[in-house]
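Student: Sharing a structure with you now.
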Amino acid sequence: DVLYEDENCIVINKAPGMVVHPAAGRTSGTLVNALLHHCPGIEGIGGVRRPGIVHRLDKDTSGVMIVAKNTATFHQLVTQFQNRTVQKEYLALVYGVIGSESGVINRPIGRHRSDRKRMSSLYPMKKSREAVTEWQLEERFLASTAGSGRRAGFTLLRIRPRTGRTHQIRVHFADLGYPLVGDRVYGRRAKAPFQVAAASIFERFRRQALHAERLCIELGKTARPTEFVAPLSPDFAELLSYLRSRQ
């Protein structure tokens, strides 16, 4: 899904479920495979295994990604990501009703002490790294939990990560007690606060509810700031539409 393309870069809306680059056990069907077919000239730029790739999204995260098509652009983009001058915005749907309107999570992240396959800001190993996540409220979805007067539901957040640690958004909100809907590593299965009618739609949503919506970065010799926006993938849009219809 190409959002923009010129002689220097290509910007795509990555589909959920697509791995960015080949790795052990996955040599085909990746974003890199698709890019090499679409623009074979990127081969070898920045490395053989990850040609043109200057940043990544998790397999099950959808949204905007930019890829360099020549060496000069590759270094221009990489420098901006390293210097944290790239502006990124995500949409995330989390379990629970967050009462605040905005906030900043400042917790270092490292490998989990007892599970090296996971990251953690609560129980990291000694070698952890700075991680800062800024967020603001977009929408709340409220529902009465059966058998009690307690309120339950979900919160849609707009998130601006200031750093780019592995699984940063997923880890920060899970460790706060608001895991992302559908996150099979850091989350939990939906308890259907909207009752049985909601069960099927949550069962169909088999990935974390995280979408990279916006990317603003400097491009070209003039280094002009350029913004790219990726529309929501159909599965995420369907989930939000259902929740809104139940309000």
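The values are calculated or read from the model by the stated rules, or taken from the named source; none is laboratory data. Remember, predicted model here, so these are calculated numbers, not experimental data. Cβ placement follows ideal geometry from the backbone for every residue including glycine, while neighbour counts extend to all protein chains displayed. These accessible areas exclude ligands, DNA and RNA; they are computed on the full protein's heavy atoms, side chains included. Shrake-Rupley method; radii C 1.70, N 1.55, O 1.52, S 1.80 Å.
Student: Any idea which of (1) modelled with pLDDT of 90 or more; (2) open to solvent by less than 30 Å² (accessible area, probe 1.4 Å) is the one Glu101 doesn't satisfy?
Tutor: (2)
Student: Could you please let me know if His38 is within 21 Å of Thr226 (Cβ to Cβ) and open to solvent by less than 60 Å² (accessible area, probe 1.4 Å)?
Tutor: Numbers: within 21 Å of Thr226 (Cβ to Cβ): yes; open to solvent by less than 60 Å² (accessible area, probe 1.4 Å): no.
Considered against the rule, which asks whether it is within 21 Å of Thr226 (Cβ to Cβ) and open to solvent by less than 60 Å² (accessible area, probe 1.4 Å), His38 comes out as no.
Student: Could you list, in sequence order, all residues of region 1-19 that are assigned to a strand (DSSP E or B) and either open to solvent by less than 40 Å² (accessible area, probe 1.4 Å) or not hydrophobic (A, V, I, L, M, F, W, C) (or both)? Before you say what the answer is, go through the steps one by one.
Tutor: Step one: filter region 1-19 for residues assigned to a strand (DSSP E or B), giving 2-5, 9-14.
Tyr4, Glu5, Cys9, Ile10, Val11, Ile12, Asn13, Lys14, listed by residue number.
This table checks each residue for (1) in a strand (DSSP E or B); (2) at pLDDT 85 or above.
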{"site": "Val171", "(1), (2)": "no, yes"}
{"site": "Ala197", "(1), (2)": "no, no"}
{"site": "Glu203", "(1), (2)": "no, no"}
{"site": "Arg207", "(1), (2)": "no, yes"}
{"site": "Ala212", "(1), (2)": "yes, yes"}
{"site": "Ile217", "(1), (2)": "yes, yes"}
{"site": "Thr226", "(1), (2)": "yes, yes"}
{"site": "Arg244", "(1), (2)": "no, yes"}
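Student: To continue, here is another question. Take region 109-128 and flag every residue that is part of a loop (DSSP other than H, G, I, E, B) and either open to solvent by 80 Å² or more (accessible area, probe 1.4 Å) or within 17 Å of Gly164 (Cβ to Cβ) (or both). Lay out the reasoning, then the answer.
Tutor: Just the residues of region 109-128 that are part of a loop (DSSP other than H, G, I, E, B), to begin with: 113-118, 121-123, 125-128.
Answer for region 109-128, where residues must be part of a loop (DSSP other than H, G, I, E, B) and either open to solvent by 80 Å² or more (accessible area, probe 1.4 Å) or within 17 Å of Gly164 (Cβ to Cβ) (or both): Arg113, Ser114, Arg116, Lys117, Ser121, Tyr123, Lys126, Lys127, Ser128.
Student: Regarding Arg140, is this residue in contact (Cβ under 8 Å) with a residue 60 or more places away in the chain and open to solvent by 50 Å² or more (accessible area, probe 1.4 Å)? Spell out the reasoning first.
Tutor: On the way: in contact (Cβ under 8 Å) with a residue 60 or more places away in the chain: no; open to solvent by 50 Å² or more (accessible area, probe 1.4 Å): yes.
Criteria not met by Arg140.
For (1) farther than 21 Å from Ala230 by Cβ; (2) not aliphatic (A, V, I, L, M), each residue gets a yes or a no:
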| residue | (1), (2) |
| --- | --- |
| Glu5 | no, yes |
| Asn8 | no, yes |
| Gly17 | no, yes |
| Gly29 | no, yes |
| Val48 | yes, no |
| Asp58 | no, yes |
| Val64 | no, no |
| Asn70 | yes, yes |
| Leu77 | no, no |
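Student: Taking region 41-58 only, how many residues are open to solvent by less than 100 Å² (accessible area, probe 1.4 Å) and touching a strand residue (DSSP E or B) at 6+ places or on another chain (Cβ under 9 Å)? Walk me through how you get there before you give the answer.
Tutor: Within region 41-58, the first condition is being open to solvent by less than 100 Å² (accessible area, probe 1.4 Å), and the residues that meet it are 41-42, 44-47, 51-55, 57-58.
Filter again for touching a strand residue (DSSP E or B) at 6+ places or on another chain (Cβ under 9 Å), leaving 42, 45-47, 51-55, 57-58.
Total meeting the criteria: 11.
Student: Quick check on my filter: what residues within region 123-140 are modelled with pLDDT of 90 or more and either farther than 14 Å from Gly99 by Cβ or under 17 Å from the mean Cα position of the chain (by Cα) (or both)?
Tutor: The initial filter retains those residues of region 123-140 that are modelled with pLDDT of 90 or more, namely 128-140.
Result: Ser128, Arg129, Glu130, Ala131, Val132, Thr133, Glu134, Trp135, Gln136, Leu137, Glu138.
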